């Protein structure tokens, strides 16, 4: 069974109609993990016994005539920054390596389980989800299934690699600066950063990155992602920013995929350089959008300058909050993270307020843009998936560039819904994604457009691993 060739809805339908058992599906996932995880290093913890027990519970519901849920028997990987009962949540850090196993699921995992999904294990991430390259001292480096010498992206790189290599059809992710979109792009998946608050965080602790991070699910195609999101969107009383549940099913809405009448194309958002090969692959989507009936308008400048310093002021301060209780053990933390936290300590409170003001100003720019168009399209990253030996740096037009992901975090700052779909491969067979950004809370505009574009591009190749 190759999960990459069976839609999530079809897999769940087969389980619900007794054409295959949830136990057989779980066994197939565990077998695939055993086969390829030693090379890819996507999973950092797997509990086959627990997974088979969950699958057996799904089968019992089916046998009794009870509907186990829309994700019946679908294997699920959980990013190791998300609680799943029975598993440690290490965040890829030695600081938390000896944490007690979680007693409860996070809100996201609990809702996925309630829909019938079967958790098979935890997926890798960079330490404290901080970079676009999934590697840490605790578990090592996650490899890109398209080329094991290259990065799977990050921070949800373990989840992306697990799906792209067919270990599971779905895996959870989070996106505070591109951490769903970047690894999805690197691994030829479709991914969505929902509007902030669509998927609630909640729980005992506050929002990790002052509302810049959004939770979601990674899948092979848009339909797979939406099949999972339909089960998890909606408010939670412990999340101050959670949004009401959408009135209509998102999956039903994808029966009519289409792009808006007017679409903006911005090759570099006005402040960055994009690798020529990435740009060439991404630009082909402009002709696809045109063929789908969109009037594509090129917008050279969306933002006047790179907002990196403002983004770093906010998330760096949040990193300091995370690390402060472990100040005596900072010797075990990645040196770059210590440096960022120390810099954040020197920032005045006014600097954080100014950074939040910048978020507001950037959103006003998008409000202006979306008066004329309904969708903004850009490359997802400025470089192809970089070699692992560059340790997180990318290569843009032959020059090593530490910030090859500067096209994603602006839309965390504006809280915009943003997706990525695979536009094709480079000459060396590395995936290239295009990013689709919509107006505030217009998730359906983004999803319908992503589904229409994905189908029109028709990319259906599989990683060789």
Contour minus Cα-Cα span, residue 343 to residue 19, at 0.36 nm per residue, comes to 110.9 nm
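Mean separation of Cα pairs under 8 Å and 6+ residues apart, divided by the residue count of the chain: what relative contact order is that in percent? Walk me through the numbers on the way to the answer.
Details: 1120 pairs, mean separation 75.6, N = 465.
This gives 16 percent for the chain.
Calculated FRET efficiency, residue 238 and residue 99, Cβ-Cβ r, R0 30 Å, to nearest 0.05?
On the way: r = 21 Å, r/R0 = 0.69.
Taking R0 as 30 Å, the efficiency between residue 238 and residue 99 is 0.90.
Using Cβ counts within 10 Å as a stand-in for footprinting exposure, how do 98, 230 rank, fewest first? Can you show the working numbers first?
Details: 98 8, 230 22.
Listing 98, 230 from fewest to most nearby Cβ atoms yields 98, 230.
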Region 147-250: C-alpha gyration tensor shape, a/c 1.5 cut-off, then a/b vs b/c: oblate
Cα centroid separation - region 257-293 against region 181-195, whole Å: 16 Å
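So, R0 is 56 Å and r is the distance between the beta-carbons of residue 336 and residue 63; what FRET efficiency does that work out to, to 0.05?
Values: r = 52 Å, r/R0 = 0.94.
It comes out at approximately 0.60.
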Cα gyration tensor shape for the chain, rounded if a/c is under 1.5, else prolate or oblate: rounded
Please order 350, 289, 364 by the number of other Cβ within 10 Å, starting at the fewest. 350, 364, 289
With a point put 7 Å past each Cα toward its Cβ, work out how far residue 204 is from residue 279 in nm, to one decimal. 5.1 nm
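Taking the Cβ-Cβ separation of residue 39 and residue 371 as r and a Förster radius of 45 Å, what is the calculated FRET efficiency to the nearest 0.05? Write out the running numbers ahead of the final one.
On the way: r = 49 Å, r/R0 = 1.09.
Efficiency at R0 = 45 Å is approximately 0.35.
Working out 0.36 nm times the residue gap between residue 255 and residue 329, then minus their Cα-Cα distance, what length gain in nm do you get to one decimal?
Working: separation 74, 0.36 × 74 = 26.64 nm, distance 5.24 nm.
Result: 21.4 nm gained on full extension.
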Measure out, as a whole number of angstrom, how far apart the alpha-carbon centroids of region 356-370 and region 65-116 sit. 35 Å
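Based on other C-beta atoms within 10 Å, arrange 332, 93, 106 from fewest to most.
Least crowded to most crowded, the residues run 332, 106, 93.
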What length, rounded to one decimal in nm, is gained on full extension from residue 390 through to residue 428, with 0.36 nm per residue of separation minus their alpha-carbon distance? 12.0 nm
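Share of antiparallel DSSP beta bridges in the chain, in percent to the nearest 5? Write down the numbers at each step before the final one.
Values: 33 of 47 bridges.
Looking only at bridges with both residues in the chain, the antiparallel portion is about 70 percent.
Every read-out reported here was derived from the displayed coordinates using simple, explicitly stated rules and does not represent laboratory data. Worth saying up front: this structure is predicted, and the values here are computed from it rather than measured. Using ideal geometry, Cβ is built from the backbone for each residue, glycine included, and neighbour counts are taken over all protein chains shown.
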